[in-house]
Amino acid sequence: MERLTLPSGRAAAVGEYLEYRRIVGEDDGGKLFTPEEYEEYKKKVLPMRLQNRLFVSWRSPTGMDCKLVGPETLCFCAHRYKQHKTDFETIPQQRPISLPCRVSGCGCRAYLYVPLNGTQPIRCRCKHLADQHSAAPGFLCNACAPSIEFLDSPVTAMDHPFLKPFQASSSSSPETLTDVGTSSQVSSLKRPEEDDMAFFERQYQERIKMEKVAKQKGKASLPSSTKAS
């Protein structure tokens, strides 16, 4: 690793800059405060931080505080704790306190600590890492999650075979799940006293019955033709 050597005067300036960055963070918008603005910022913010300082920790399911969150601790959105809103004139009454991310364009609405397994972040049940998910509420996986349009589209009988028992009929026009009543969904479940053959036979008979009802409805909806005398 390369070692940097600075003159004594410049080393002091670097120390002052680090102190400035720890106090101001990104509140300056990328443009350094003037000495007057810096002093005014400290007079306003430092007393508020001393009075309303937040102590954040990650608590395990057993109720033990396992990890104290510091300024550099990463959030689920891949930004650090210091990049979230942590200064409050009055502490909010709601719990937990929402600490939204202040980075432009980030959809994170509350700081979420991601536990580590050793030095590696834990994986989601979809087998992907936290940084492969959206920071917006819902936390959809960017690697495997379908689009919002796909999730909002109606489920039809042409979809996964698992959904076919829930279809209203087997006509050529696809029927959506919204057309299926609760009784149809319940009847597709296996009863405790049924064996496999009885279950499949009942499903077959119910499907034939639904097809007959659908055909009768189709015939009834056709306009009656009259012959001219």
Return yes or no: is residue 67 surrounded by fewer than 16 Cβ atoms within 10 Å (Cβ to Cβ), assigned to a strand (DSSP E or B), at negative phi and not hydroxyl-bearing (Ser, Thr, Tyr)? yes
Using the structure shown, decide if residue 62 is surrounded by 11 or more Cβ atoms within 10 Å (Cβ to Cβ) and under 35 Å from the mean Cα position of the chain (by Cα). no
Residues 22, 10: which one is in a helix (DSSP H, G or I) and under 30 Å from residue 115 (Cα atoms)? 22
Of all residues in region 172-218, how many are at pLDDT below 70 and in a helix (DSSP H, G or I)? 9
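Suppose we keep only residues that are surrounded by 11 or more Cβ atoms within 10 Å (Cβ to Cβ) and part of a loop (DSSP other than H, G, I, E, B) within region 109-121. Which one would you say is modelled with the lowest pLDDT?
Only one residue fits best here, namely 115.
Table: residues versus (1) surrounded by 15 or more Cβ atoms within 10 Å (Cβ to Cβ); (2) in contact (Cβ under 8 Å) with a residue 24 or more places away in the chain; (3) outside any strand (DSSP E or B).
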{"site": "71", "(1), (2), (3)": "no, yes, yes"}
{"site": "82", "(1), (2), (3)": "yes, yes, yes"}
{"site": "88", "(1), (2), (3)": "yes, yes, yes"}
{"site": "93", "(1), (2), (3)": "no, no, yes"}
{"site": "96", "(1), (2), (3)": "no, no, yes"}
{"site": "103", "(1), (2), (3)": "yes, yes, yes"}
{"site": "107", "(1), (2), (3)": "no, yes, yes"}
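Conditions tested, residue by residue: (1) outside the structural domain of residue 117 (by TED's automatic domain parsing); (2) among the β-branched types (Val, Ile, Thr).
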residue	(1), (2)
18	yes, no
26	yes, no
44	yes, no
56	no, yes
63	no, no
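The values are calculated or read from the model by the stated rules, or taken from the named source; none is laboratory data. Note that the structure is a prediction, hence the values are computed from the model and not measured. As a convention, Cβ positions derive from the backbone with ideal geometry for all residues, glycine included, and neighbour counts pool all protein chains shown.
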